[in-house]
2 protein chains.
Amino acid sequence: MQRDSTPNRSITILHVAKEAKVSKSTVSLVLQGSDRIRDATAQRVREAALALGYVYNRRAAELRRQSSNMVGVIINDLMNPFFAEVLVGIERKLVDAGYIVLMAHTHEDLDRQRRVLLSMREQNAAGIVICPALGTPNSLPKEVKAWGIPLVVMVRSLGSGSYDYVGSDNERGVYMAASHLLAAGHRHIGFLGGQSGAVYDQRLRGYAKALEAAGLPVKKNLIVLSAPSRPGGWEAMTTMLQVSPRPSAAVCYNDVTAFGALAALGEKSLRAGTDFALVGFDNVLDAAHSNPPLSTIDIRPSELGERAAVALMARIANPKIKHQLYLAEPKLVLRQSG
Amino acid sequence: MQRDSTPNRSITILHVAKEAKVSKSTVSLVLQGSDRIRDATAQRVREAALALGYVYNRRAAELRRQSSNMVGVIINDLMNPFFAEVLVGIERKLVDAGYIVLMAHTHEDLDRQRRVLLSMREQNAAGIVICPALGTPNSLPKEVKAWGIPLVVMVRSLGSGSYDYVGSDNERGVYMAASHLLAAGHRHIGFLGGQSGAVYDQRLRGYAKALEAAGLPVKKNLIVLSAPSRPGGWEAMTTMLQVSPRPSAAVCYNDVTAFGALAALGEKSLRAGTDFALVGFDNVLDAAHSNPPLSTIDIRPSELGERAAVALMARIANPKIKHQLYLAEPKLVLRQSG
DNA sequence: CTGAAAGCGCTTACAG
DNA sequence: CTGAAAGCGCTTACAG
């Protein structure tokens, strides 16, 4: 009954076979580009397919072949441009390699994450790359491996189990940022925004170590927590401006919180770079044109996505390779904010 | 041979049937929640499935049933938070309705767009929502309809053919923005950024009409083109600041160009809202916490995405309904930039 | 209430 | 070089 509205959907290799006066095996073979078929025959088949408006049914082929060209990509927070850039990198690499991406956004919701994971499993995904939602159990990689689905974890590490992981050297990155501020003469430096998870712990540690290396104390009131978002950064800066003695600089949990901080500063007629030094983390594209442009730690977000795609494809190609670990090397990029 | 690494993949309803001592038809029926099966039997089947670690193979089911629960979503520019928000809205609505999304990013590349469209067709997508890449031929909706795949076009309209469309009233929105600036006493108002496509034409027209309604001439040198991005907005503002007499206000092509303009202003130690009035378009989440917060035209990006999802589902449910058109009603939201 | 059989659109040994 | 047959994991009339 779908026939009239979907004219081409109903035509199969069987129709093509009849039209070209060959068997359906032959049609299948030429569609796969086999060289076992004589040129003339192949030509005839291709013409028949074209004439009939035949379209390959990849799902049927994959069912028979027990394969899949779909990979699942699970993102925790697409509203953060960092993750949007990561996603773009993953998608580009995957599509260029002939995969197609099943994408899901969890919004840090564990329940949603579980549902989409199940869904991808039912759909027979060839692999999954996940930026885990906050609170994801460390057992996840083992569980997915038990399903027989290759997995790469991104950005947020999940304990010390063995799994493929692509992220950045957070501790070192923040250490570099703080050291830069220290070298510029700042003595009251805050750590602005963010609040929980492995990434937070790593970045905070980099901050603490840099201060300690400079013989400076780590003061609780200079570490202000917030949601890892613009509004969060705005609030964090607002409270940070009230501690006394007032800090003269801060390294931010990430670029997005830094952007919020920039806004809070502006509201008080303060300008980052002259009245307060600020450095972010990620080097999101927007950082080059914020007001003012943001000094930050560059971890090349879209490249991170590409690395994850490559790691996943490597594991799909050979499930037995040893676990892969890629940590982007942080680079300090100086702009006007600090 | 995949058996050891993918333990559960190989178990099918046949195994469950044997374990539960029923036929595979019965298993299928209970998996579908049919009430034709006695409770005791159903219970036994469910236990067997659980015990064996059975996982439903949805692709096989869909092949047999000639159905699909995947919908394709094609986005032109994920680096623009507007589209990221749209995507999030689409995804949420679709996943909540039991669909799964095949996502592709074209990066305004027509060739890529064609490839992913084909790919989605091969995968038997139940429907597609597309934010068309710049330069997409107006014939696209007709073509996809000929494939038998429900389609909804988003954000950028594609000529006057009949197809489902979800977008915003661009002309009216910009008209409102410009009128606001006019009412505030500005007489030299620029139109900043953007450069081509239906959306651009519509927004520019709103600008022109507002000026005309106020008896003001539309001056070529106050309309400065740019890429629809932060760097684009930055450049556009930089050149706009050089025209003389210098305009005192501008309506921007979209929020992202406005953000770039904010940065250019800052670089010259000018502040939007006091030295120059700026209003954006979209009301992206970031607009509330830019430096300074951006006055803009709110078209509720994520709601737009949800509307598109709803329109697509309606069309899938009934391919014969008449064409759907949803235009978000623009609302002026005043913040500090103008 | 449950089972046997056919079939969705492909691929892949196996013959010839 | 090409065809006939079996099968991927399901669903769905059709019997009983």
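Before moving on, here are some points about what is shown:
- With respect to the conditions (1) over 26 Å from residue A:163 (Cα atoms); (2) in contact with a Gly (Cβ under 6 Å, 6 or more places away or on another chain); (3) not charged (D, E, K, R), residue A:280 lacks only one, and its number is (2).
- The lone criterion from (1) within 13 Å of chain B (Cβ to nearest Cβ); (2) polar (S, T, N, Q); (3) closer than 24 Å to residue A:204 by Cα left unmet by residue A:254 is number (1).
- Residue within segment A:132-149 that is touching a Pro at 6+ places or on another chain (Cβ under 9 Å) and at positive phi present: yes
- Counting residues in segment A:79-90 that are under 38 Å from the mean Cα position of the chain (by Cα), over 30 Å from residue A:284 (Cβ atoms) and of a type in the set (Phe, Trp, Tyr) gives zero.
- Looking across segment A:255-311, the residues that are more than 18 Å from residue B:267 (Cβ to Cβ) and part of a loop (DSSP other than H, G, I, E, B) come down to A:268, A:283, A:284, A:299, A:300.
- Subset of segment B:137-164 that is under 20 Å from residue B:84 (Cα atoms) and surrounded by 21 or more Cβ atoms within 10 Å (Cβ to Cβ) - its residue that is nearest to the other protein chains (Cβ to nearest Cβ): B:151
- Residues in segment A:21-31 that are within 12 Å of DNA strand C (Cβ to nearest atom) and surrounded by fewer than 16 Cβ atoms within 10 Å (Cβ to Cβ): 3 in all.
- Residue in segment B:228-239 that is surrounded by 24 or more Cβ atoms within 10 Å (Cβ to Cβ), touching a residue at least 60 places away in the same chain (Cβ under 8 Å) and in contact with a Phe, Trp or Tyr (Cβ under 7 Å, 6 or more places away or on another chain) present: yes
- Unmet requirement for residue A:45, which otherwise passes all of (1) within 10 Å of chain B (Cβ to nearest Cβ); (2) within 16 Å of DNA strand D (Cβ to nearest atom); (3) surrounded by 15 or more Cβ atoms within 10 Å (Cβ to Cβ): (1)
- Within segment B:302-332, restricting attention to residues that are buried (at least 17 other Cβ atoms within 10 Å of the Cβ) and among the basic types (Lys, Arg), the residue that is farthest from residue B:182 (Cα to Cα) is B:315.
- Flag for residue A:61 being more than 8 Å from every other protein chain (Cβ to nearest Cβ) and either in contact (Cβ under 8 Å) with a residue 40 or more places away in the chain or buried (at least 23 other Cβ atoms within 10 Å of the Cβ) (or both): no
- Scope segment A:65-100; condition touching a helix residue (DSSP H, G or I) at 6+ places or on another chain (Cβ under 7 Å), assigned to a strand (DSSP E or B) and more than 7 Å from chain B (Cβ to nearest Cβ); matching residues: A:71, A:72, A:73, A:74, A:75
- Residue within segment B:2-17 that is under 30 Å from residue A:84 (Cα atoms), within 11 Å of chain A (Cβ to nearest Cβ) and not polar (S, T, N, Q) present: no
- Of B:43, B:66, all but one fail to be within 30 Å of residue B:311 (Cβ to Cβ) and at pLDDT below 95; the exception is B:66.
Every residue, every condition in (1) within 11 Å of DNA strand C (Cβ to nearest atom); (2) part of a helix (DSSP H, G or I); (3) hydroxyl-bearing (Ser, Thr, Tyr); (4) touching a Pro at 6+ places or on another chain (Cβ under 6 Å), yes or no:
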{"position": "B:17", "(1), (2), (3), (4)": "yes, yes, no, no"}
{"position": "B:33", "(1), (2), (3), (4)": "no, no, no, no"}
{"position": "B:50", "(1), (2), (3), (4)": "no, yes, no, no"}
{"position": "B:55", "(1), (2), (3), (4)": "no, no, no, no"}
{"position": "B:62", "(1), (2), (3), (4)": "yes, yes, no, no"}
{"position": "B:102", "(1), (2), (3), (4)": "no, no, no, no"}
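- Residues (buried (at least 21 other Cβ atoms within 10 Å of the Cβ), within 13 Å of chain A (Cβ to nearest Cβ) and among the polar types (S, T, N, Q)) located in segment B:262-301: B:290, B:291
- Those residues of segment A:101-112 which are away from chain B (no Cβ under 11 Å) and closer than 21 Å to residue B:69 by Cβ, in sequence order: A:111
The values are calculated or read from the model by the stated rules, or taken from the named source; none is laboratory data. Everything numeric here is computed off the predicted structure, so don't read it as measured data. Neighbour counts are summed over all protein chains in view; Cβ atoms, including those assigned to glycine, are modelled from backbone coordinates with ideal geometry.
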